[in-house]
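First the structure, in the form of structure tokens, and then the observations on it.
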Amino acid sequence: FDLDPYFRELEDMLVQELDYVQEAVNLEEMRRLFGGEPHITIPRYIPACSTERVLTMEMAQGMSLDEFLAREPSQEVRDRAGWCLVTLIWLGFLKYRVLHADPQAGNFLFGEDGSVVLLDYGCIKRFEEPFIADYCRALRAHQELDSDGVIEAYIDVGYMHGDAGERTRQALWEIADIYARPIARDRVYTFGSESLAERGKEYAMTHPACFNLRPPQASVYLHRTLVGAYFVLCRMGASGNYYRALREVLDDVQGRQEPTGS
């Protein structure tokens with residue numbers, strides 16, 4: 001198992017996170033892409049007060065996640081806050097190919113109405129179009145409960161290493177289906193109602209065929225984002241019909257893409 005590609009990915013992003021000039025570019029790009037989204041605030045960059053060693057943004061108002069939850073917000077408010085986080089991921093990754101890849105709770109401020117302020121733009125991951133196109137195919141197949149389509153799409157993404165026999169293919173489908181539960185069925189899903197992380201870990205540790213599955217280098221920060229956002233959403237108990245919302249995004253994105261899978 002060659003770890004060098006993963007360490008190179010980590011090294012490249014860590015170096016980028018220390019570059020305030022690049023972070024200012026990231027901030028401006030995210031503001032351009034998400035500035036019109038309701039309930040999402042991207043602070044304004046102030047170049048006159050910034051240098052290579054200082055990054056200045058306008059003061060943003062809001063509560064930490066702990067403060068937000070301590071006020072016992074209504075389900076509607078928690079759902080709106082969760083929706084903001086999901087929107088940042090789906091639109092960023094699938095439509096704009098730009099992902100805020102550090103969704104830990106300290107990088108958000110929350111309003112009493114469930115609005116969200118996004119902070120810290122050092123860790124922004126950009127993706128190539130073929131990678132996004134294959135992921136869109138996988139997500140579409142999940143929503144159609146097409147196990148063969150899911151398997152083939154993830155193989156094209158680069159998750160299969162080693163034996164591609166039936167047991168490994170079945171393991172790929174089973175573990176992918178666990179993690180896709182919030183978006184693969186047409187229903188209201190509540191984060192925190194089940195432990196997907198524990199279920200996925202247990203499956204992987206008890207099925208040897210999973211050792212033939214390894215994430216491609218380009219997915220390192222995607223996984224980090226999904227896992228980080230998952231735990232924040234679970235803390236909030238956010239709910240919604242994420243299936244229908246994702247389908248709208250996929251219809252929009254795939255209308256502009258050509259399939260790239262083999």
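Within the stretch 191-206, can one find any residue that is open to solvent by 60 Å² or more (accessible area, probe 1.4 Å), within 20 Å of the chain's Cα centre (by Cα) and among the acidic types (Asp, Glu)? Yes: one or more hits. May I ask you to list the residues in the stretch 26-84 that are part of a loop (DSSP other than H, G, I, E, B), touching a Ser or Thr at 6+ places or on another chain (Cβ under 7 Å), open to solvent by 30 Å² or more (accessible area, probe 1.4 Å) and not acidic (Asp, Glu)? Answer for the stretch 26-84, where residues must be part of a loop (DSSP other than H, G, I, E, B), touching a Ser or Thr at 6+ places or on another chain (Cβ under 7 Å), open to solvent by 30 Å² or more (accessible area, probe 1.4 Å) and not acidic (Asp, Glu): His39, Ile46, Thr56. Just to be sure before I move on: is Arg214 open to solvent by 20 Å² or more (accessible area, probe 1.4 Å), among the basic types (Lys, Arg), in contact with a His (Cβ under 7 Å, 6 or more places away or on another chain) and under 23 Å from Phe127 (Cα atoms) in the structure I sent? The answer is yes for Arg214. The residues of the stretch 108-126 that are open to solvent by less than 10 Å² (accessible area, probe 1.4 Å) and more than 16 Å from Phe34 (Cα to Cα), listed by number, are Phe110, Gly114, Gly122, Cys123.
Looking only at helices (runs of 4 or more DSSP H) that lie completely in the stretch 100-215, which have at least 1 residues being out of contact with any Leu (no Cβ under 7 Å at 6 or more places or on another chain) and within 30 Å of Phe68 (Cβ to Cβ)?
Numbers: elements: 129-143, 147-157, 166-179, 181-184, 196-206.
Qualifying helices (runs of 4 or more DSSP H): 181-184, 196-206.
Does the stretch 62-79 include one or more residues that are among the acidic types (Asp, Glu) and either touching a residue at least 60 places away in the same chain (Cβ under 8 Å) or more than 23 Å from Ala238 (Cβ to Cβ) (or both)? Among the residues of the stretch 62-79, at least one is among the acidic types (Asp, Glu) and either touching a residue at least 60 places away in the same chain (Cβ under 8 Å) or more than 23 Å from Ala238 (Cβ to Cβ) (or both), which makes the answer yes.
Just one of the numbered conditions (1) over 27 Å from Phe110 (Cβ atoms); (2) in contact with a helix residue (DSSP H, G or I) (Cβ under 8 Å, 6 or more places away or on another chain) is not true of Val15: (2). For Val253, the stated conditions hold: it is open to solvent by less than 40 Å² (accessible area, probe 1.4 Å), touching a residue at least 12 places away in the same chain (Cβ under 8 Å), over 26 Å from Arg71 (Cβ atoms) and not small (Gly, Ala, Ser). Residue-level check: of (1) surrounded by 20 or more Cβ atoms within 10 Å (Cβ to Cβ); (2) over 23 Å from Asp251 (Cα atoms), Ala133 misses just (2).
The values are calculated or read from the model by the stated rules, or taken from the named source; none is laboratory data. Because the structure is predicted, anything quoted here is derived from the model rather than measured. So basically every Cβ, Gly included, is an ideal-geometry build from the backbone, and we count neighbours across all protein chains shown. Heavy atoms of the whole protein, side chains included, go into the accessibility calculation; ligands, DNA and RNA do not. Shrake-Rupley method; radii C 1.70, N 1.55, O 1.52, S 1.80 Å.
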